[in-house]
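Data block below; observations after.
Readers should treat all values here as calculations from the given coordinates under stated rules, not as data from a laboratory. Since this is a predicted model, take the numbers as computed values, not measurements. As a convention, Cβ positions derive from the backbone with ideal geometry for all residues, glycine included, and neighbour counts pool all protein chains shown.
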Amino acid sequence: MEVPALWPYHAVLMITGFLLLSTGMLIARYMKREQWWLKVHETIAISGAIIVISGLLMAIYMVSSSTGIHFRVPHTYLGAIVIIFVAMTPILGYAQLKSESIGMKIRTIHRWSGRIALVLIFLNMLSGILLVGIIG
C-alpha cells in the first residue's frame, strides 16, 4: 500500500480515539449517579487513549516511509502535544485513585488534562483535514 494512501487509516484511528475519549468524559460528567460509571469511564477512556496513540504510530510510520522529516508542519507539533496530554491524563486518573493525601488535587489536574486533550485533538483533526485538502 502506498504511504500517502495510509492517511485515512491515521484519520480513522484519531477520530475513533477522539470519540471514545469524548464518551469517557461525558460518562464521568453525567453518569456519576450510576454504580458502573467509573469502570466504564476507565475502560472507554483508556481504549480511546490507546487508539489515539496507535494513530500517532501510524503517522510516524507514514512520515518515516515518505519524507522522513517529522515536525515540518504545525499539525505534527500539535500532535506531539496531544500525545503528551493523552498519555498523561489516564496516569493522573490512576494516581488520584491511589493517593489519599493529594487525590483531590490530582483529580483537578486529571480533569483539566482531559479537557485540554479533547480540545487539542479536535483542533489537530481540523488541521489534519486542512493539511490533506479536504477543506480549505
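The listed residues are LEU56, LEU131, LEU97, LEU38, and the only one of them that is touching a His at 6+ places or on another chain (Cβ under 9 Å) and farther than 13 Å from PHE18 by Cα turns out to be LEU131.
Restricting attention to region 46-97, the residues being touching a residue at least 60 places away in the same chain (Cβ under 8 Å) and not β-branched (Val, Ile, Thr) number 2. Taking every residue in region 104-118 that is touching a residue at least 60 places away in the same chain (Cβ under 8 Å) and pairing it with any residue that is hydroxyl-bearing (Ser, Thr, Tyr) and part of a helix (DSSP H, G or I), at least 6 positions away or on another chain, the pairs with Cβ-Cβ distances below 7 Å are GLY114/THR89; ALA117/THR89; LEU118/SER22.
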